[in-house]
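One structure is given below, encoded as structure tokens.
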Amino acid sequence: MKSSLARLGLERGLPLGLSLALVVGLPIWSLAGGANVATPNAISGIEAAQTPGLLRMGLWSGISSLLLIGAIWRGSKAGARFAKQDRMWLSGRMASPAVGALALVFGAMASVCICLGALGLGVELANGTSRAEGEPAFAKVRNLPGQDLTVLHTGEAADSQAAWVLEDPKGQLGYDPRDGTAPHLLFMPTTLAGDGPSALLTITATRTNKASSANTTTTQRIRGATKVLLPVPPGDGDLVLTLEHGIDGPPIRLSQVESWLLVPRSSTHLVSVALWQRSCLWIAGAIALSLGLGSALGAPLGLLLTLALQLLGFELYLGAVFGGLPWVDALTTAGMGFIPGFAGLDAVTGCLGQFAVGTLLLARGIRAKSLPASSPSDGAKP
Amino acid sequence: MALLSIQGIHKSYPKGFLGLGKTEVLRGLDLELEAGQTKVIAGPNGSGKSTLLRILAGVEAADAGAALVDGIALGSKQLLGQVGYLPDGAPFPPELPARRTLELMATLLHMPRKDRRSCAEGLLEKVGLGHVARRPIGQFSKGMQRRFALASAILGDPKLLLLDEPTDGLDAEGFGVFDELLGQARQRGAGILVATHVADLPCDEVSVLWNGKVERRGGPETLAGLLGIYRELGQPA
């Protein structure tokens with residue numbers, strides 16, 4: 001790959017001043033009291049993570065949305081410039097326009113990753129130490145398997161044998177008390193009466209292996225949407241979850257997407273690492289596509305079409321491909337004070353797909369035009 | 001064998017509603033250029049001079065026709081770096097310093113890393129831009145941009161030089177530099193094709209482009225009489 005062309009692509013894609021402003025400005029803004037991350041003393045542990053989580057979510061969602069639009073605009077403009085102006089001096093000197101386009105797109109994508117890295121650094125510097133010493137950070141690993149929706153009526157227990165057996169093929173549920181913090185299960189049940197009367201919910205997690213019958217239980221009053229946390233009992237093997245409605249109160253609804261497995265991590269700064277990865281996949285894919293579309297259609301149309309495709313991604317449930325939905329999902333997790341998981345294969349594939357389309361279109365835009373082979377001379381045929 | 005042989009180049013652009021109509025700019029243009037020869041393509045504005053050069057440089061596609069350099073079709077990878085093109089206007093990256101842009105072009109031509117900087121600096125010295133080698137091209141005046149374009153065109157000592165209005169905006173010193181560099185290129189056997197509408201260039205032959213074809217050929221003195229030729233061909237210059 002031509003590193004000098006990659007550098008040109010990087011320089012055209014990178015808003016250097018903005019990146020520096022993010023690294024320096026966000027901590028200053030935080031020190032000046034703008035972040036207001038003070039956590040009430042009465043709240044501790046996992047609950048205490050939500051306030052800085054909301055700050056992270058706010059900063060990441062607001063600034064990276066603007067960066068997305070800015071990156072698409074810069075990409076479309078650079079694509080149009082490569083195809084209209086730079087082609088004058090590029091095309092006759094490039095043995096392979098595909099390699100040249102690859103380098104330019106790669107550089108532009110790298111610029112997005114650098115700028116988002118600056119945002120992540122700024123956010124984490126602004127957040128400072130968002131937890132008291134020794135308090136664990138938790139990462140969302142996945143939604144719990146089981147039935148899509150459970151509705152419990154007064155005095156009713158879920159059919160635990162059928163629906164809420166948690167198998168542990170990856171060893172994520174295993175826990176030795178000497179190791180430190182236990183993995184947790186997070187549930188977000190909702191009373192069907194909304195914010196009206198409340199209901200009692202008891203959740204019990206029990207190990208199923210013969211060597212251990214350890215269990216953990218929590219009972220909590222549910223009103224509207226309520227967060228319930230349950231430590232995973234020590235030991236190895238699968239878990240059975242039992243949910244039990246109290247003797248009165250409205251029905252309680254709990255869906256699979258609102259039931260997560262959380263595992264302890266070393267630092268809450270990993271929130272920004274995970275958000276950086278997902279934002280990179282989304283925005284770098286978008287800038288690659290905008291470079292190609294800008295070179296083929298011009299800057300304004302390239303901008304509009306790339307933006308429209310990213311927005312359509314949400315409507316058509318292609319968000320996972322265009323990277324928008326995994327990004328929103330990760331922001332939600334971060335907003336609740338947990339570390340989001342890293343993006344899956346679909347987001348990576350979507351990013352690579354946009355990279356491929358963008359590179360092909362840009363290569364077409366900057367290649368040298370051959371003369372048609374309509375000469376009377378055979379030697380004229382390229 | 002001629003260094004450059006152009007046969008039957010046709011080019012038209014869409015026009016009118018939805019581009020359904022077309023304007024023919026080049027209509028079966030034929031031309032030959034020998035090694036070491038300088039040929040001027042003259043003609044009024046809109047006669048297709050720049051279009052011809054853009055086609056030969058691979059910036060635009062022709063509708064039909066062929067062009068060979070030393071028997072090899074233009075656009076072939078064997079001719080990579082053998083055609084130097086000085087485009088009209090200022091298409092170079094305005095944000096990049098002059099030296100770095102030339103180094104980038106040298107990279108694309110697979111010039112060894114150790115030679116790139118000295119080559120770029122040498123060329124900038126030759127065109128009188130050595131003192132502003134680190135300045136972004138966008139900060140150059142029009143004349144400085146033409147000098148830079150000339151340096152980029154002769155980078156790698158190409159066999160064929162395509163120069164589109166090369167003296168546009170040049171001062172007297174710039175003319176001198178231009179003459180000197182083109183003289184050196186001729187001495188090493190390069191062919192030079194210059195598109196211009198002004199009568200101020202030393203050359204071996206002048207071809208007057210009219211209605212998309214070469215209508216007149218003549219010696220350098222023809223340049224001085226261009227106005228008369230245009231009138232004779234039926235249109236004021």
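Rule-based calculations on the coordinates, nothing more; no lab input. Every value quoted in this text rests on a predicted model; they were computed, and no experiment measured them. Here Cβ is always computed from backbone atoms with ideal geometry, including for glycine, and neighbour counts include all displayed protein chains.
How big is the equivalent ellipsoid of the stretch A:215-279 along its three axes, where each semi-axis is √(5λ) from the Cα gyration tensor, reported in whole Å from largest to smallest? Mind showing how you got there, number by number?
On the way: eigenvalues 162, 67, 23 Å².
Ellipsoid semi-axes (Å, largest first): 28, 18, 11.
Would you please calculate the Kirkwood hydrodynamic radius of the stretch A:142-265 over all C-alpha pairs and express it in Å, rounded to one decimal?
Working: mean 1/r = 0.0683 Å⁻¹.
Kirkwood hydrodynamic radius for the stretch A:142-265: 14.6 Å.
Can you find, among A:ALA205, A:VAL232, A:GLY180, the residue sitting farthest towards the positive end of the charge dipole of the stretch A:142-265, where Lys and Arg contribute +1 and Asp and Glu -1 at Cβ?
Result: A:GLY180, furthest along the dipole toward the positive end.
Quick check: net charge around A:ALA299, other residues with Cβ under 11 Å of its Cβ, Lys/Arg +1 and Asp/Glu -1?
Values: positive: A:ARG74, A:LYS77, A:ARG81, A:LYS84; negative: none.
Net of charged neighbours comes to +4.
Amide H to amide H, which residues 5 or more places from B:TRP210 or on other chains are under 5 Å from it, using H placed in the peptide plane?
B:GLU215
Which ordering of A:LYS170, B:LYS22, B:LYS213 is given by a fewest-first count of other beta-carbon atoms within 10 Å?
Numbers: A:LYS170 9, B:LYS22 13, B:LYS213 17.
Sorted ascending by nearby Cβ count, the order is A:LYS170, B:LYS22, B:LYS213.
Could you please tell me the mean projected area of the C-alpha convex hull for chain B, averaged over all directions and given in square nanometres to one decimal?
Working: hull surface 54.8 nm².
Mean shadow area of the hull around the Cα atoms is 13.7 nm².
I'm a student and want to see the number: the projected area of the Cα convex hull of the stretch A:55-143, averaged over all directions, in nm².
Numbers: hull surface 36.4 nm².
For the stretch A:55-143, averaging the hull's shadow over all directions gives 9.1 nm².
Please report the orientation-averaged projected area of the protein assembly as shown, defined via the convex hull of its C-alpha atoms, in nm². Intermediate results must be reported in sequence, preceding the final value.
On the way: hull surface 150.8 nm².
For the protein assembly as shown, the mean projected area of the Cα convex hull comes to 37.7 nm².
Under a crude label model (7 Å from the Cα following the beta-carbon direction), how far is A:LEU192 from B:ASP204 in nanometres?
So the label points at A:LEU192 and B:ASP204 sit 9.5 nm apart.
Take the Cβ-Cβ distance between A:LEU312 and A:PHE342 as r, set R0 to 22 Å, and report the resulting FRET efficiency rounded to the nearest 0.05. Don't skip to the answer; put the middle values down first.
Working: r = 25 Å, r/R0 = 1.14.
Calculated value: 0.30.
Please report the spacing between the Cα centers of the stretch A:222-246 and the stretch A:93-107 in Å, no decimals.
54 Å
Provide a whole-number value for the mean count of partner chain Cβ atoms within 10 Å of the Cβ atoms in peptide B:80-89.
Details: counts 6, 3, 1, 3, 2, 5, 2, 4, 1, 2.
For this peptide, the per-residue mean of nearby foreign Cβ atoms is 3.
Sum -39500 (n - 2.57) across every DSSP H segment of at least 4 residues in chain B, then divide by the residue count to get the 222 nm mean residue ellipticity, nearest 500.
Values: 7 runs with 74 residues, N = 237.
It lands at -9500 deg cm²/dmol.
Return the FRET efficiency for the residue pair A:ASP168, B:THR107: r is the Cβ-Cβ distance, R0 is 56 Å, and the value is rounded to the nearest 0.05. Intermediate results must be reported in sequence, preceding the final value.
Details: r = 54 Å, r/R0 = 0.97.
Once rounded, the FRET efficiency stands at 0.55.
Under a cut-off of 17 Å between alpha-carbon atoms, report the lysines in cross-link reach of B:LYS39, not counting same-chain residues fewer than 8 places apart.
In chain and number order, the partners are B:LYS49, B:LYS159, B:LYS213.
Using a simple spin-label model with points 7 Å from Cα along the Cα→Cβ vector, what separation in nm is obtained for B:ALA35 and A:LEU360?
Result for the modelled spin labels: 4.3 nm.
Considering all alpha-carbon pairs of the stretch B:36-167, what whole percent are spaced by more than 17 angstrom? It would help to have the intermediate numbers written out before the result.
Details: 5264 of 8646 pairs.
The share of Cα pairs beyond 17 Å in the stretch B:36-167 comes to 61 percent.
Would you mind putting B:72-85, A:216-229 in packing order, based on average other-beta-carbon counts within 10 Å, highest first? The partial results should precede the final answer.
Values: B:72-85: 19.4, A:216-229: 16.1.
Per-residue Cβ counts within 10 Å, averaged per peptide and sorted highest first, yield B:72-85, A:216-229.
What lysines could a cross-link reach from A:LYS140, if we take a straight Cα to Cα line under 28 Å and drop same-chain neighbours fewer than 8 places away?
A:LYS170, A:LYS227
Between B:THR23 and B:ARG134, what is the label-point separation in nm under the 7 Å Cα-to-beta-carbon projection?
4.6 nm
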